[in-house]
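These notes are about the structure you will find just below.
No lab work stands behind these numbers, since they all come straight from the coordinates. What you are looking at is a predicted structure, and each value in this text was computed from that prediction instead of being measured. Reconstructed Cβ throughout: ideal geometry from the backbone, glycine too, with neighbour counts over all protein chains shown.
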Ligand code: GAL
């Protein structure tokens, strides 16, 4: 497979006379893909039913004739003002009960039937017109589901939909009352129509109620996406894609991904470091111009699974962005490094957002591959360099990893609903295990908890997984390798009731005394090295299979057959030590990577990426800052 590059282009932002020059320069710069159309609704349909296709026909023609392949976006992330006039109640409603206003984007509510019908209609019109167009080689449905906190809506449509969803799930109101534990605080309902959305309650709403509402909200995204998939499939054979985001977990991406052909995600390494990282200031300072060394890779590995093996970067930062608390410029070479890292993790394409910086509206401070005056910006030079390098790289294949780390969207909702301590974050604990594995030079697969087959792995990690599904339990029962679980694994049932105190981990001969969350500087030291922080579980002294205790003699690592259970959240020192033990147990080789240096294996090559500000020497080779090195294995 040939790996390719692309960009995101908005022909409607520029005079038609400029399009062919832009297209020619894209081609000359080594780009293959050009994504257009995803915010174009008011231009295509300025008033309801009045369609203005000519400009889009021409734009596709100009781009295609220049030798580019078009990714066409359905424009449903930006319903025009006439839509809001027609359906005033299609606006999403925030947790405080306020409708979100027109004037930016993503203002629709996923539960609104009228808006779904409108989305199906516009997707059908796009499909009819361009479904078999020779220049339209892929489709993007909508844009960044959940961006700007838009999965969950507390609208009337959502309330009605939620009541129907609950009735289908529980059939009888008494079953729901039992499952949610509504006897607590006299919350028992007499009919499904009694049930409101879990916002604006006096104190916290019932976590079971909230978890079901998270599931309902996620299902709305899946259902909404499916409407467009079903209609587009009638008209096109081209792959259908959605562009997911970094650290956005409000809907189950595996379920959306199941309906699509390719997963893609929008990678903004510097924006994410400032905006979405829980690491401290020293870390942010050190990597402010390079991005977090593990954040991108984590998402590459996640979306490879969401895309069932096929994935792209649909948008990549080409220079400073406009939306994070601080927006530094990437270190020279980082645009190239990020692109190569995506390819090393198996990306088929990397597209840069955006072609030319817009001198107007919200994102005028966001760089593009071109400056607003059409002069090349630094990102374009680096993109062209990657394109030239791609020509000489042989097919490298995707590595078959021996290590699987489970990431589960429901667990993320559950622990956000009841974190039991400010610093308990499911996303962070999974990322921490991933970081630890990468510090040991590992290439990791991230898998869903419903993965049907674990046979190819030797180590499976399931930190913080709220519930063990029947499938996973069966899988683990016959799994021959090492399973690393805990803390908090399997501690709830699917209704968010505590599963069974005293057997925190299914089938585990351990007696749990209590769990506690820890203040930022409160550590539980481990004499063997490192400490637990943030979260700790106290098991009784007579627990069977204790391999390691903490400094108070309390079980820290408990083993039963091939299952290892950790009684706390390990800090970096403990993490590296424990992961090393697990790798050694399976005879897997490992090496300690210098800070900021990361490795990724492909089938045939090994890639090294230097995320640090300073040169790093590794295996006798000096790698400059932002350096990328690859060699045959
Ligand atoms: C993405 C979005 C783009 C643009 C970009 C700016 O999240 O899909 O439309 O807003 O961010 O960085």
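Couple of notes before you dig in:
- Extension gain, residue 493 to residue 178: 0.36 nm times the residue separation minus the Cα-Cα distance gives 112.1 nm.
- Extent along principal axes [Cα atoms of segment 1-153; Å; largest to smallest]: 51, 33, 27
- Segment 384-433: Rg to Rh, with Rh as the Kirkwood radius over Cα pairs: 1.30
- Rounded if a/c under 1.5, otherwise prolate or oblate - segment 276-434, Cα gyration tensor axes: oblate
- Rounded Å value of the spacing that divides the Cα centres of segment 23-86 and segment 241-304: 26 Å
- Taking other Cβ atoms within 10 Å as a rough exposure proxy, 367, 525 sort from fewest to most as 525, 367.
- Calculated mean residue ellipticity, 222 nm, the chain: -10000 deg cm²/dmol, from DSSP H runs (n ≥ 4) at -39500 (n - 2.57) each, averaged per residue and rounded to 500.
- Within segment 75-225, the percentage of alpha carbon pairs spaced more than 18 angstrom apart rounds to 61%.
- Segment 403-585: equivalent-ellipsoid semi-axes (sqrt of 5 x gyration tensor eigenvalues, Cα, Å): 21, 19, 17
- Per-selection metrics, segment 520-633 (Cα): Rg and Dmax in Å: 18.2, 53
- Calculated translational diffusion coefficient of segment 184-280 (20 °C, 1.002 mPa s; Stokes-Einstein with Kirkwood radius over alpha-carbon pairs) equals 128 µm²/s.
- Fewest-first ordering of 283, 180, 630 by other beta carbons within 10 Å of each residue's beta carbon gives 283, 630, 180.
- Gyration tensor (alpha-carbon) shape descriptor, the chain, a/c threshold 1.5: oblate
- Ascending count of other beta-carbon atoms within 10 Å, so fewest first, for 402, 308, 631: 631, 308, 402
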